[in-house]
Each structure stands twice: as C-alpha cells, then as structure tokens.
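Encoded as structure tokens, the structure appears first; notes follow it.
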Amino acid sequence: MILNNDRFGGQHTLKWVAPAEETSLRINKALSIRTRAVEVEEAGEREVIRNAGRTYRRPIVNGELFIVNHREEAVQLRVRRQFSGELVTADADPTTTLREEGVYSVNPRHELTWNITLAPGERRTLKYVYTVLVPA
C-alpha cells in the first residue's frame, strides 16, 4: 500500500526483491494520478510488403498517453509502453529497448520508457508513432 501522510494513495503487488536491488512496480490503483492510453491506425492506404513468401500490410499507428497529476506536489513518474513494430517518432526522447520476445517475430518488440516530472495539477500528453507488419 502506498501512503502519503497516512492517507491511502495507491496499491501494488510485490512478492520479493533481493536486498539492495532495484525494482519497478506497477501501481494497480493510484488515486491521485490519472492515465489513459489510446492507439489509432492512421487513415490511408496500407503499404503491402512481401517477405519470405508471405504478404503483409504495414499500417501506421499513432499512440497517445495522457497523464494528469491531481496531487498538491510534484511527482516523478516512470512511464512505460510496449508495442510490436518499428518506432517512427516519440515525444520527449524516451529510452527505447528491444525486448527479448521479438527475436523470433517478424516485428521487433519495443519498450519505450519516459522519466518525467509532473507539477501539481499538470497534464501531459506523450505521443508516439510506429509501423507494424500484419498478415494480409
């Protein structure tokens, strides 16, 4: 449970971490930080790609992450988003990591990580664009 001046602020689950090790926890319910994620395919024709005897379409996907800080103090957040495909652009210079499970896939698997600070009452939108190969 996350407490702020003896008031409930959120909850998460952690089974175990070794002493002096760093971990990252997903907050299952944060009452004072609101988030929303939306991904939409860009309108228009999809490029057709042929690879190893298979045909794929390559749509362009536009993603947006909305974050609002309802707290009375600034907060530091680590925002992560995973997707399959090729990154085209991303706001605010996130760290990009290739994930292991993409090794055997036609689409690489990425994780974007932003470390941001939100002032009290601040709203932020993080945008990113990627392409992905889907079977035709």
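Exactly one residue out of 99, 71, 54 is loosely packed, with under 13 Cβ neighbours inside 10 Å and touching a strand residue (DSSP E or B) at 6+ places or on another chain (Cβ under 9 Å), and it is 54.
Applying the set (1) at pLDDT below 95; (2) at positive phi; (3) not hydroxyl-bearing (Ser, Thr, Tyr) to residue 121 leaves exactly one unmet item: (1). Set side by side, the residues 3, 31, 14 differ, and just one is in contact with a Leu (Cβ under 7 Å, 6 or more places away or on another chain) and at pLDDT below 90, which is 14.
For the stretch 31-41, check the following and say yes or no: at least one residue is open to solvent by 70 Å² or more (accessible area, probe 1.4 Å) and in contact with a Ser or Thr (Cβ under 6 Å, 6 or more places away or on another chain). Within the stretch 31-41, none of the residues are open to solvent by 70 Å² or more (accessible area, probe 1.4 Å) and in contact with a Ser or Thr (Cβ under 6 Å, 6 or more places away or on another chain).
The values are calculated or read from the model by the stated rules, or taken from the named source; none is laboratory data. The shown structure was predicted, so the numbers you read here are calculated from the model rather than taken from an experiment. Please note: Cβ atoms are built from the backbone with ideal geometry, for glycine as well, and neighbour counts cover all protein chains shown. With ligands, DNA and RNA removed, areas are computed over all heavy atoms of the protein, side chains included. Shrake-Rupley method; radii C 1.70, N 1.55, O 1.52, S 1.80 Å.
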